[in-house]
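Asker: Mind looking over this structure? Questions follow.
The values are calculated or read from the model by the stated rules, or taken from the named source; none is laboratory data. Keep in mind that this is a model prediction, so the values were computed, not measured. We work out accessible area using only protein heavy atoms, side chains counted, and drop any ligands, DNA or RNA first. Shrake-Rupley method; radii C 1.70, N 1.55, O 1.52, S 1.80 Å.
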Amino acid sequence: MLAMTKPELSVVMRKIEELKPYPQNAKEHPPEQVARIVESIVAHGFQVPIQITEDGTIINGHGRVLAMQELKRKEIPCT
């Protein structure tokens, strides 16, 4: 059996202003959805870091970034 190892993931705080949306992101985040994400973050905290490339392009988490902007946060956890 082939042994698989998991890569080490590190969570880093990045300034939201430094992040770039992925230009071909197919998901849309209407204001109602962003409002629900804001409510979730307020109620439960920020639970899942967004995923970014080395240059700061968002791979996964565009809606969470929008919600953190609504909350006037300056930084966001990223992997």
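Asker: Counting only DSSP beta bridges with both residues in the chain, tell me the antiparallel percent, nearest 5.
Answerer: Just about 75 percent of them are antiparallel.
Asker: Also, I was wondering about something else. Quick check: residue separation of V12 and R73 times 0.36 nm, minus the Cα distance between them. What number comes out in nm?
Answerer: Working: separation 61, 0.36 × 61 = 21.96 nm, distance 1.50 nm.
Roughly 20.5 nm would be gained on extension.
Asker: So for the chain, considering every pair of alpha-carbon atoms, how many percent are separated by more than 21 Å?
Answerer: Details: 942 of 3081 pairs.
Here the tail beyond 21 Å accounts for 31 percent of pairs.
Asker: Right, next: Cross-chain or 8 or more residues apart, Cα under 22 Å: how many lysine pairs in the chain fit that? Count them up, please. Walk me through the numbers before you get to the answer.
Answerer: Working: K15/K72; K15/K74; K20/K72; K20/K74.
Lysine pairs, 8 or more places apart or on different chains, close enough: 4.
Asker: How much accessible area per residue does the chain have, counting only protein heavy atoms and a probe of 1.4 Å, in square angstrom?
Answerer: Value for the chain: 78 Å² per residue.
Asker: Considering only protein heavy atoms and a probe of 1.4 Å, how much of the accessible area of the chain is carbon and sulfur, as a whole percent? Working shown, then result.
Answerer: Values: 3380 of 6180 Å².
Accessible surface attributable to carbon and sulfur in the chain totals 55 percent.
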